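To keep things clear, I will list the structure first and then write my remarks on it.
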Amino acid sequence: MTDASRAPRERPMSPHLSVWRWHITMLTSILHRATGVALYVGALIGAAWAVSLASGPEAYSTFQGLLGSPLGLVVMFGLTWSVFYHLANGIRHVVWDLGHGLDVKSANASAVLVIAFACAATLAVWAIAFMTGAL
């Protein structure tokens, strides 16, 4: 027979935000999920673009006016950043799937690289758009 007591044990704490300290790989995980959701919204905007294009010139000019508004430009800027971030972080995950970059130092460095790439690529695309008169 065992000598275990029948008294209720104290349950372990859940790894909540008050227990864990923030680190960059936690941020990149959350941002990957958030940008995935943002890309779904972007797909809906793309579908709305196609519907407005098929609906005629008046509907299309209304859609262009909406996306050309300050709020529309902010949304499009965010979608641009989401595309580049999700792309770079997806490549990072493929590298991890191959068994590389899993140590803490490499994971932190690749997280910084992913965020830096997303910011630089987004700014480059928008700078080119402004320089060519696309906006």
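The values are calculated or read from the model by the stated rules, or taken from the named source; none is laboratory data. For clarity, every value in this text was computed on a predicted model and none was experimentally measured. For neighbour counting, all protein chains shown are included, and Cβ atoms are generated from backbone atoms with ideal geometry for every residue, glycine included.
Before moving on, here are some points about what is shown:
- Residue match in region 52-62 (condition: among the acidic types (Asp, Glu), under 28 Å from His23 (Cα atoms) and part of a helix (DSSP H, G or I)): no
- Residue in region 12-23 that is out of contact with any Ser or Thr (no Cβ under 6 Å at 6 or more places or on another chain), free of Cβ contacts under 8 Å to residues at least 40 places away in the same chain and within 21 Å of Ala116 (Cβ to Cβ) present: yes
- The selection criterion, being more than 30 Å from His93 (Cα to Cα) and either among the hydroxyl-bearing types (Ser, Thr, Tyr) or free of Cβ contacts under 8 Å to residues at least 60 places away in the same chain (or both), does not hold for Ser29.
- Filter result (among the aromatic types (Phe, Trp, Tyr) and either more than 14 Å from Thr35 (Cβ to Cβ) or in contact with a strand residue (DSSP E or B) (Cβ under 9 Å, 6 or more places away or on another chain) (or both)) within region 75-109: Trp96
- Restricting attention to region 5-51 and to residues that are part of a loop (DSSP other than H, G, I, E, B) and touching a helix residue (DSSP H, G or I) at 6+ places or on another chain (Cβ under 8 Å), the residue that is modelled with the lowest pLDDT turns out to be Trp20.
- In region 113-130, residue surrounded by the fewest Cβ atoms within 10 Å (Cβ to Cβ) [restricted to those that are over 14 Å from the mean Cα position of the chain (by Cα) and among the β-branched types (Val, Ile, Thr)]: Ile128
- Conditions (1) surrounded by fewer than 13 Cβ atoms within 10 Å (Cβ to Cβ); (2) on the phi < 0 side of the Ramachandran plot; number of the one not met by Gly99: (2)
- The number of residues in region 110-128 that are among the hydroxyl-bearing types (Ser, Thr, Tyr) and within 14 Å of His32 (Cα to Cα) comes to 1.
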